[in-house]
Amino acid sequence: MARTEGGDRTTEDHGHGQGPRPAGGTEALAARGAEPPDPLPHEGVWRFTAPAADASVPQARHAVRDLLRRQGVPASADLVHGLLLIVSELVTNAVRHAAVLSPTLAVEVAVGAGWVRVAVEDQHPYRPTALETDHGRTGGRGLLLVREIAREAGGVCDVAHTASGGKVIWAALPLTPPL
């Protein structure tokens, strides 16, 4: 386990993780009895934890951006921008709405041959839903924004319960934009 700057977050570079994955990965190959190809150098799963505090929002965004660069993930500038906006929204939501029951949060980045997934996990049991747009409100549209960014990129997002009773909100986007 490598410790990142500041000492309050850790990164696990172990190449596998627990979160949901886009369809068509190694599970699909195994179901057909095929061997998965050797992973590309940029493939893997990285996870770090951070306190559920406002300062964690830019720290998470910078950590994800730096990870994508360091690993050489073949992502367009538009895709990276969308991913970083998603990370900002999801971490902000965890800080604002889950900190009471979840003093820490986890950010996971998973990269496959043709996709990248970002996920934010907290220990609060409430499973949010994307609310309808209310033009009279100045907030409360973060998940709508996440869903729209994912959809426009040809990806998906969802919320799932964790075994520990919390939740993970994730978005998976293809590395190659849809035609």
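The values are calculated or read from the model by the stated rules, or taken from the named source; none is laboratory data. Given the structure is predicted, the values throughout are model-derived calculations rather than measurements. Note: ideal-geometry Cβ built from the backbone for every residue, glycine included; neighbour counts use all protein chains shown. Heavy atoms of the whole protein, side chains included, go into the accessibility calculation; ligands, DNA and RNA do not. Shrake-Rupley method; radii C 1.70, N 1.55, O 1.52, S 1.80 Å.
Show me, for the stretch 100-110, the HN-Hα J-couplings you get by feeding each phi into the Karplus relation (A = 6.51, B = -1.76, C = 1.60, θ = phi - 60°), rounded to Hz, glycine and proline as x.
For the stretch 100-110, the Karplus curve yields 4, 9, 9, x, 10, 9, 10, 10, 10, 10, 10 Hz.
Give the carbon-plus-sulfur fraction of the accessible surface of the stretch 48-130 in %, rounded to a whole number; probe 1.4 Å, heavy atoms of protein chains only.
Numbers: 2050 of 3640 Å².
It is 56 percent, rounded to a whole number.
Would you grab the residues whose amide H sits under 5 Å from the one on His124? Only those 5+ places off in sequence or on another chain, please, with H modelled 1.01 Å from N.
Residues meeting the criterion, in which the H sits 1.01 Å from N, are Lys167.
Rank by packing, highest mean first: peptides 161-169, 101-109, with packing defined as the count of other Cβ atoms within 10 Å averaged across residues. Mind showing how you got there, number by number?
Numbers: 161-169: 15.1, 101-109: 20.7.
Ranked by mean Cβ neighbours within 10 Å, highest first: 101-109, 161-169.
Using packing as a proxy for protection, rank 85-92, 70-77 so that the peptide with the highest average count of other Cβ atoms within 10 Å comes first. Intermediate values should be presented prior to the final figure.
Numbers: 85-92: 21.8, 70-77: 13.9.
Top to bottom by mean Cβ count within 10 Å: 85-92, 70-77.
State, as an integer percentage, the relative contact order of the stretch 37-127 based on alpha-carbon contacts under 8 Å between residues 6 or more apart.
Values: 121 pairs, mean separation 36.4, N = 91.
Computed value for the stretch 37-127: 40 percent relative contact order.
Across the stretch 88-131, what fraction of all alpha-carbon pairs, as a whole percent, falls in each successive 5 Å bin from zero upward?
Whole-percent P(r) values from 0 Å outward: 5, 20, 29, 20, 13, 8, 4, 0.
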